[in-house]
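All remarks here apply to the structure that follows.
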Amino acid sequence: MMDNRPVPPDGARNFVLLILDSCRFDSFMAAKPVTMNALGTVERRYSYATWTMPSHFNMLTGLLPHTSPTHVFASTYYKQELAGLAHRLGIPKMGFVDMVPRLWLPHFLRTSLGYHTRSVVSMPVLNGHTPLNVDFDSWQLAPAHNDLDAIIPLLTFSDERPTFYLINTGETHYPYATPDEPESEWPVIHGVHGVFKRAGDGPMLTEAEAGFNDERLAQLHRRQIHTVSWVDRSIERLIDSLPANTWLTVTADHGELFGEGGYFGHGPIMHEKVMEVPFVEGLVNARM
Ligand SMILES: [Zn+2]
């Protein structure tokens, strides 16, 4: 699969994009995650989509959750975003002419910059049979939907070329369960039928019906906050495992509704909270 990959530019570094699936901005802030807060300034950003598949597609075009700036043309904002990408990759003079016409980050990284492109995803809706895996050298489904620690040993980096990794982890996704919690103790919500069904080789969520009460929803929100704290400790271990000079961006693919406006979850929802996501990034294991 090496197909005439060029020699990477000087300074090109590994770039890990970590998606905390469904992590709502205020859940992130309430958890006060020590490791992620130390990475950089946490921003409130906005997803381009309200559910997993289109949101990941959009991020793979190179457009991460946006800041919703006013009085700015979209084209100007996109140019700034691409400059941000150059900063992440450590290639300040990077040209983007090769992004056109394909507009697909893994393709650009691989064929123009000589990167390896890899992904490990937790959500079965992102499984390797979907078109999202195009131009990836490897695309794996994680062993569990909610265990970043189990993803860490799967990651492979090269001394010869920088690697782009897309990682999606689902501790923060419904049912907001940490891996130490037995499935028998996961919340059982009246009206949710067949919470998990097999799809490919992993579990998949089905849609929930209405019928939640406020206390139940508040409890679910608290569960999501708890998972942010849990995954923060996993991220500390992730960072320890990453090569020197790796750029790490942590964000979410969309938010989650806990009763606001009569909604639960994400997807077919038009509400500000389903767009609000945390965004924080920085260089880890910087070499002196
Ligand atoms: Zn998602």
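Normalised by the number of residues in the chain, the average gap of Cα pairs under 8 Å and 6 or more apart makes the relative contact order 34 percent. Once C-alpha pairs closer than 8 Å and six or more residues apart are averaged by separation and normalised to the residue number of the stretch 1-142, the relative contact order reads 28 percent.
Quick check on the chain: helices-only [θ] at 222 nm, where DSSP H runs of length 4 and up contribute -39,500 (n - 2.57) each and the sum goes over total residues. Nearest 500, please. Please list the in-between numbers first.
Working: 8 runs with 81 residues, N = 288.
The per-residue figure over the chain is -8500 deg cm²/dmol.
Ranking 274, 120, 72 by Cβ neighbours within 10 Å, fewest first, what do you get?
Values: 274 26, 120 22, 72 11.
Least to most surrounded, the residues fall as 72, 120, 274.
Backbone amide hydrogens, once placed in the peptide plane, bring residue 139 within less than 5 Å of 119, excluding anything fewer than 5 places away on its chain. Shape class for the stretch 24-64: prolate, because the ratio a/c of the largest to smallest gyration tensor axis (alpha-carbon atoms, square roots of eigenvalues) is 1.5 or more and a/b beats b/c. By definition, a body whose alpha carbon gyration tensor gives a ≥ b ≥ c is rounded when a/c is under 1.5, and the stretch 35-106 falls into this rounded group.
Show me the helices of the chain, taken as full DSSP H stretches, that run 20 Å or more along their long axis by Cα and average -1.0 or above in Kyte-Doolittle hydropathy.
Details: long enough: 74-89 (23 Å, -0.39); 214-241 (41 Å, -0.80).
For the chain, where a helix must reach 20 Å along its axis and average at least -1.0, the hits are 74-89, 214-241.
What's the exposure ranking of 214, 135, going from fewest to most Cβ atoms within 10 Å? Kindly include the intermediate steps, with their values, before the conclusion.
Numbers: 214 9, 135 18.
By the 10 Å Cβ count, ascending: 214, 135.
A simple spin-label model places the labels of residue 74 and residue 219 4.3 nm from each other, with each point 7 Å out along Cα-to-Cβ. Dipole size of the chain about its Cα centre, with +1 on Lys/Arg Cβ and -1 on Asp/Glu Cβ: approximately 780 debye, rounded to the nearest 20.
Please work out how much length the chain gains when fully extended from residue 245 to residue 180, using 0.36 nm per residue of separation minus the C-alpha to C-alpha distance, in nm with one decimal.
Details: separation 65, 0.36 × 65 = 23.40 nm, distance 3.16 nm.
Length gained, residue 245 through residue 180: 20.2 nm.
Once the Cα-Cα distance is subtracted from the 0.36 nm per residue extended length, the residue 271 to residue 93 segment shows a gain of 60.2 nm. Evaluated at q = 0.11, 0.14 Å⁻¹, a Debye calculation over the C-alpha positions of the chain (equal weights, vacuum) places log10 I(q)/I(0) at -0.62, -1.01. Extending 7 Å from Cα along the Cβ direction at residue 285 and again at residue 7 yields two label points whose distance is 2.5 nm. Between residue 53 and residue 260, the contour length at 0.36 nm per residue exceeds the alpha carbon distance by 72.2 nm. Here the residues 111, 249, ranked from fewest to most Cβ neighbours within 10 Å of their Cβ, fall in the order 111, 249.
A short reminder: the numbers here are calculations on the coordinates, not readings from a lab. These numbers were taken from a predicted model, which means no experiment stands behind them. When we count neighbours, we look across all protein chains shown, and the Cβ atoms used for this are built from the backbone with ideal geometry, even at glycine.
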